[in-house]
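Take a look at the structure set out below.
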Amino acid sequence: MLAAGERKLALWNMGVAYTAFLIGTLAGLLQVFIRNDQLELPAWLDYYQILTAHGVLLALIFTTFFIFAFFISGMSKSLGAFGPKVLLWNWIGFLVMLAGTILATVMIVIGEASVLYTFYAPLMANPWYYVGLALFVVGSWIMGFALVGHYMKWRKANRGELSPLFAFMTVSTIALWVIACLGVVATVLFQYIPWAFGWVDTINVELSRTLFWYFGHPLVYFWLLPAYMAWYTVVPKILGVPVFSDSLARLAFVLFILFSIPVGFHHQLMEPGISDFWKFLQVVLTFMVILPSLMTAFSMFANFERAGRKNGGKGLFGWFTKLPWKDLRFTSIFIAMAFFIPGGAGGIINASFQLNEIVHNTLWIVGHFHITVGTPVAMTFMGLTYWLIPYLTGRKFSNTMKKLGFIQIGLWAVGMLLMSTAQHILGLLGAPRRTAYSNYNGHESALEWFDGILTNHVTMAVGGSILFLSAMLLLYIVIMSAFVSPKAVEPHEFVEFPLAESDKRATPKILENWLVWIGIAFVLIIIAYAIPIAQMIQHAPPGSRGFITW
Amino acid sequence: MHLHKYEKIWLVFGTVCLIAFLSIVGVNAFAHDHTPAGGIETIDPEKVRETAPFNEPGVKKLDDDTYQAAIVASAFAYDGGQTLTVPVGKEIIFKVTSTDVVHSFTIDNTNVNMMVVPGQVTTKSYTFKEPGKYLIICNEYCGTGHHFMYTEIEVTE
Ligand code: HEM
Ligand SMILES: [Cu+2]
Ligand SMILES: [Cu+2]
């Protein structure tokens, strides 16, 4: 069992994560019904207010707090108990993050920040919304650096040795996060806050968009890499095999750092202010991420096959049926991975220079991120939650909970399949995202979107309702494992943190040389961004004053 | 570093796919001139109404085969002169800008899908293949009236 300090810290992070999840999914439920004209909100509540809450609470707050709960537990498990300093700084970081979260959420709830989680200028929210977001990021940095401090101490004590895989991956993810946040910190600190408080009159809109997306794309890898960590280190243990290849796993993470940051322009392909050449360069860099993704897919299937054969699977695909399907920890993550296959393929479409025109800002995009972050990431986190909370609280995870867990992931999979398929097709037909209604006063062309078997007014709502049911079931399991289930007494009743052996004897030392990799990352970033950003500053139009259009 | 034999095959396959994808996209973009909406022209967002061509929004014939449509987007409407009417089979150069927040100018059933950013002019050239009335919508969130922001363009023979 982990030291009491880390357990408490991780549980608090988990608590905030699931509180955000509760409010966020409730917002999601309202959205599907409002969009379909089945629900009217009271005058003090607005669709875009709800949508802002949904995006912020699920995509930013739920994910980040959960990720830190996972990191804290795993770092303590693989490197040993935290010292008092590491623990203290983690708490400080957590509290700063929480303060930022509360501040931003209050601004959304009182209707002062219906600017969505992308807060594009010159929409101007209450300045305290931006302060809240800034605190959130600063808090995450403090926690991140505290964990890196723990890692450095281990490195010092174990000179010349490669760190355990879990720790290596945690540090890679934190490195990615810190580098990515530089963009959003720059725009919030130097552009939004002075402007929203009225210290300056105008804002350079195109620059703010570019700095935002410099962050916004790697943000998705910040969600994804912790899920990959579970796939690389937790799943093999559940399967009863060692990590497939330690060096491959490390190389994949290094490549994710290199190829996820200098690519934000692929979110800006349809807009002015960036020349075609620079857009195209970033499209090329975007596609590079296919390589570590394929490496990851390979390792996963290699592990499945090895485990299946070990259990007596014969023939080309016989191993498949021999996987531990009755193990909730495995099945949940397997479904999560399966959703990532169409998710990744859709990503290639979005990033393609011209194809993006067809899908940009349509419901396709909403479908896309519900089958990337909303399922592969979220469902991996659910799969981890089942054992992580009992592990931290020392409670039992009963058979009833297991059954409920299977129902929960089943419902989530079905709900997402319905909702995201409908969203993908509606998007291809042209239905826009981020609209309270999309019938344009009964315009013929708009009504046609909703004529299909899957794309009618009912499917999305049915999908959304199933999802909400699943979310409530999950929260029930969370509350039971956190507060109610009986304490484990017998040794076999204790839930384990499944962490696979990783043979690092053949792993090249250079893979853990951060100076090299972070150095290369910055070179790539400078190549991709220095000239276009310089142009945006030199060739800037007169800035924009703020607008409150909600 | 040791890589499994199958893994090498898999990565070579991946790399070849990668090169193929990028070549297709690249050739399409730079040899066939199929590039998305963009442009690096700037404008003072406070003076849009006084700046050509947005001082007279609407469709203008440039020569026998090309027309220009200048459109001003603002919360929550488009100003493209009276009604937008363009001929089928001719190149239409859309030029759009915003007087306030970010909007989009998206024509249903076409690949015209432009972001409209204050301070910038977005340009996209398109040739309609079929006559008819096309729905134009704003698909970038721009405020409470975002879902009412739409207009029509008529494509005539
Ligand atoms: C009960 C489950 C959920 C339902 C019913 C739901 C529903 C929706 C709907 C209908 C939209 C589109 C709104 C629009 O474009 O007008 C949306 C947007 C979104 N959802 Fe979900 N969702 C759920 C869970 C999640 C989860 C778990 C995540 C991520 C962890 C997530 C992340 C997002 C994001 C980032 C947006 C975009 C917000 C924006 O455009 O600003 N959703 N959701
Ligand atoms: Cu608009
Ligand atoms: Cu709009």
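The values are calculated or read from the model by the stated rules, or taken from the named source; none is laboratory data. From a predicted model like this one, the values you see are computed outputs, not experimental measurements. Using ideal geometry, Cβ is built from the backbone for each residue, glycine included, and neighbour counts are taken over all protein chains shown. Only protein heavy atoms, including side chains, enter the accessible area calculation; ligands, DNA and RNA are left aside. Shrake-Rupley method; radii C 1.70, N 1.55, O 1.52, S 1.80 Å.
Please state the charge dipole magnitude for segment A:259-344, taken about the Cα centre, from unit charges on C-beta atoms (+1 on K and R, -1 on D and E), reported in debye and rounded to the nearest 20.
Computed about the Cα centre, the dipole is about 700 debye.
Calculate how large, on average over all directions, the projected area of the Cα convex hull of the protein assembly as shown is; give the answer in nm² to one decimal.
That works out to 30.8 nm², a quarter of the Cα hull's surface.
Exactly which trypsin sites (Lys or Arg not before Pro) in segment A:475-550 are in a DSSP loop and have at most 10 other Cβ atoms within 10 Å? Walk me through the intermediate numbers first.
Working: sites: A:487, A:504, A:505, A:509, A:545; in loops: A:504, A:505, A:545.
For trypsin sites (Lys or Arg not before Pro) across segment A:475-550 that sit outside H, G, I, E and B with at most 10 neighbouring Cβ atoms in 10 Å, the list reads A:505.
Across 10 Å bins from 0, what is the distribution of all Cα-Cα pair distances for segment A:51-105, in whole percents?
P(r) for segment A:51-105, in whole percents per bin: 21, 45, 25, 8, 0.
Take chain B, connect every pair of alpha-carbon atoms lying under 10 Å apart with a spring to form a Gaussian network, then pick out the residue of B:123, B:35, B:15 with the largest mean-square fluctuation.
In the Gaussian network model the winner is B:15.
What three numbers, in Å, describe the spread of the alpha carbons of segment A:17-163 along their principal axes, ordered from the longest?
Extents along the principal axes, in whole Å: 62, 29, 22.
For segment A:1-147, what is the accessible area per residue in Å² when the probe is 1.4 Å?
Heavy-atom accessible area per residue stands at 34 Å².
How charged is the neighbourhood of residue A:370? Take every other residue with its Cβ under 15 Å from the Cβ of residue A:370, and add Lys/Arg as +1 and Asp/Glu as -1. Walk me through the intermediate numbers first.
Values: positive: A:35, A:433, A:434; negative: none.
Result for the local shell: +3.
Taking 7 Å along the Cα-to-C-beta vector as the label spot, tell me the residue A:157-residue A:44 distance in nanometres, rounded to one decimal.
Here the answer is 5.4 nm between the modelled labels.
Give me the summed buried accessible area for the B-A pair, 1.4 Å probe, to the nearest 100 Å².
Counting protein atoms only, the buried area is about 5600 Å².
Starting from the Cα of residue A:322, draw a straight line to each of the lysines and keep only those under 21 Å, dropping any in the same chain fewer than 8 residues away.
Cross-link targets: A:237, A:310, A:314, A:402, A:403.
Can you run phi through the Karplus equation (6.51, -1.76, 1.60; θ = phi - 60°) for segment A:456-463 and list ³J(HN,Hα) in whole Hz, with x for Gly and Pro?
Karplus values, whole Hz, x for Gly and Pro: 9, 6, 8, 3, 4, 5, 5, x.
What's the local net charge at residue A:94, with K and R +1, D and E -1, over the other residues with C-beta under 13 Å away?
Net local charge, residue A:94 excluded: 0.
Under a no-solvent Debye model with one identical scatterer per Cα of segment B:41-156, what's log10 I(q)/I(0) at q = 0.22 Å⁻¹?
Summing over Cα pairs of segment B:41-156 leads to -1.27.
Just to confirm the filter: which chymotrypsin sites (Phe, Trp or Tyr not before Pro) across segment A:321-364 are DSSP coil and have at most 16 other Cβ within 10 angstrom of their Cβ?
Within segment A:321-364, the qualifying chymotrypsin sites (Phe, Trp or Tyr not before Pro) (loop, at most 16 other Cβ atoms within 10 Å) are A:325.
In whole Å, what is the distance between the alpha-carbon centres of segment A:311-379 and segment B:78-114?
The distance from the Cα centre of segment A:311-379 to that of segment B:78-114 comes to 36 Å.
Kindly provide the helix-only [θ] at 222 nm of chain A, computed as the sum of -39,500 (n - 2.57) over DSSP H runs of four or more divided by all residues, to the nearest 500 deg cm²/dmol?
-22000 deg cm²/dmol
Starting at the first residue of segment B:50-67, write each ³J(HN,Hα) from the Karplus equation 6.51 cos²θ - 1.76 cosθ + 1.60 with θ = phi - 60°, in whole Hz, x for Gly and Pro.
Result, rounded to whole Hz: 9, 9, 5, x, 7, 5, 10, x, x, 9, 9, 7, 8, 8, 4, 10, 10, 10.
What is the distance in Å between the Cα centres of segment A:464-513 and segment A:517-548?
With segment A:464-513 and segment A:517-548 each reduced to a Cα centre, they are spaced 40 Å.
Please list B:141, B:67 from largest to smallest accessible area, probe radius 1.4 Å, with all protein chains kept in place.
Output order, biggest surface exposure first: B:67, B:141.
Given 5 Å bins starting at zero, what is the percent of C-alpha pairs of segment A:413-550 in each, up to the one with the largest pair distance?
Per 5 Å bin, starting at 0, the Cα pair percentages come out as 2, 7, 8, 8, 6, 7, 9, 11, 16, 13, 8, 4, 2, 1, 0.
Please report Rg over Rh for segment A:287-349, where both radii come from the alpha carbon positions and Rh follows the Kirkwood definition.
Result: Rg/Rh = 1.04.
Give me P(r) over segment A:281-416, computed from all C-alpha to C-alpha distances, binned every 10 Å, as integer percentages.
Using 10 Å bins, I get a P(r) of 11, 31, 33, 19, 6, 0 for segment A:281-416.
When Lys and Arg each count +1 and Asp and Glu each count -1, what net charge do the other residues less than 15 Å away from residue A:319, Cβ to Cβ, add up to?
In short, +4.
Which distance in nm do the two modelled labels at residue A:526 and residue A:317 give, with both placed 7 Å along the Cα-to-Cβ direction?
Label at residue A:526, label at residue A:317, 5.1 nm between them.
What translational D, rounded to a whole number of µm²/s, comes out for segment A:107-257 from Stokes-Einstein when the hydrodynamic radius is the Kirkwood one over Cα pairs, at 4 °C and 1.567 mPa s?
D, rounded to a whole number, is 74 µm²/s.
Please report, as a whole percent, how much of the solvent-accessible surface of the protein assembly as shown comes from carbon and sulfur atoms (probe radius 1.4 Å).
66
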